[in-house]
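Heads up, the thing below is written out as structure tokens.
The values are calculated or read from the model by the stated rules, or taken from the named source; none is laboratory data. Here the structure is a predicted model, which means the values were calculated and not measured. Using ideal geometry, Cβ is built from the backbone for each residue, glycine included, and neighbour counts are taken over all protein chains shown.
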Amino acid sequence: MTNFSDHQLYSMQKKKQTRKRFLILCLLWGFLGLQIVFVLPANSAQLREIQRRGNLIVAVKDNLRPLGFRDDQGNLQGLEIDLAQRLAQDLFEREDAVALQSVGNNDRLAAITSGRVDLAIAHLTATASRSRLVEFSIPYYADGTSLVSKTLGNIREIDNQQIAVLEGSSTLGEIKYRFPQARIINVPSYQAAKDLLDRNGAIAFAGDTSVLTGWVQTYPDYKLFPHLELRTNDLAIAMPKGLQYQELHQQVNNALLRYQQEKWLLSRVQYWGLPE
């Protein structure tokens, strides 16, 4: 019979407890792994499934003139709507073979990752962080930073003036760099920016060119000072990520290349009044 010292017994008990905890941890991870697999969303449709279905499901904006907005009759219009319809035309030879789903800014990527839509054409800038979740097409419009103003006569008048910028916007740093003497006023919304400008609380409002193009179309007493040459934000189509969607990625990218070569995209950009 083997005799163990107190120290040896204590050591053996510790090892036994460690093995027990390790087994419990492995079981727990296994359980969590099964749960994670269980709650993952259904796979997005691949190109052949979309073709069998007979229509393209696309997430779009419905409140962002001139990219995606509703006209007086409630119909969706805009550059991104045209693009969704043209892709459907190419795929099914019918531009009405598209189901448009309106989404908010916070739901654009989720609509893709959940498999709810096939594509998102919804004022999405292709960024590195977003590319971890979705696949982006080649750009269909090079957005930028612009200013709108009712009273500004020349861009050189900006220094020492007050400029409104959306809170948390990346535009803030760019405006500070471009106009170091300007005084920045953070505003919580576009409506708050307009109210501020209407009462002469600021001389201009800075934001995305595409958004501010819609601003001056809605409020023609404002003037657009486009593309301040600070940055280019490439708007792109968001698609499901994964090798199984390569056919879809290729179909979309080839179509966009063709639209560019045929000047169709340029003609729609001009039609909707966006700076080229």
Residue satisfying all of: in the stretch 108-130; in a helix (DSSP H, G or I) and touching a residue at least 24 places away in the same chain (Cβ under 8 Å); surrounded by the most Cβ atoms within 10 Å (Cβ to Cβ) among these: I112
Lone qualifier among G74, G54, G68 - being small (G, A, S) and closer than 21 Å to Y190 by Cβ: G68
Single residue of Y190, Y219, Y271, Y259 found to be within 22 Å of the chain's Cα centre (by Cα) and more than 30 Å from Q46 (Cα to Cα): Y190
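Quick test for you: out of A128, A88, A122, A110, pick the one residue that is among the small types (G, A, S), in contact with a Lys or Arg (Cβ under 9 Å, 6 or more places away or on another chain) and over 21 Å from A255 (Cα atoms). Break it down into steps so the answer makes sense when it comes.
Working: A128 fails: in contact with a Lys or Arg (Cβ under 9 Å, 6 or more places away or on another chain); A88 fails: over 21 Å from A255 (Cα atoms); A122 fails: over 21 Å from A255 (Cα atoms).
Result: A110 is the single residue among A128, A88, A122, A110 that is among the small types (G, A, S), in contact with a Lys or Arg (Cβ under 9 Å, 6 or more places away or on another chain) and over 21 Å from A255 (Cα atoms).
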Spans of helices (runs of 4 or more DSSP H) in the stretch 1-103 with at least 2 residues at pLDDT 95 or above and closer than 30 Å to G214 by Cβ: 79-92
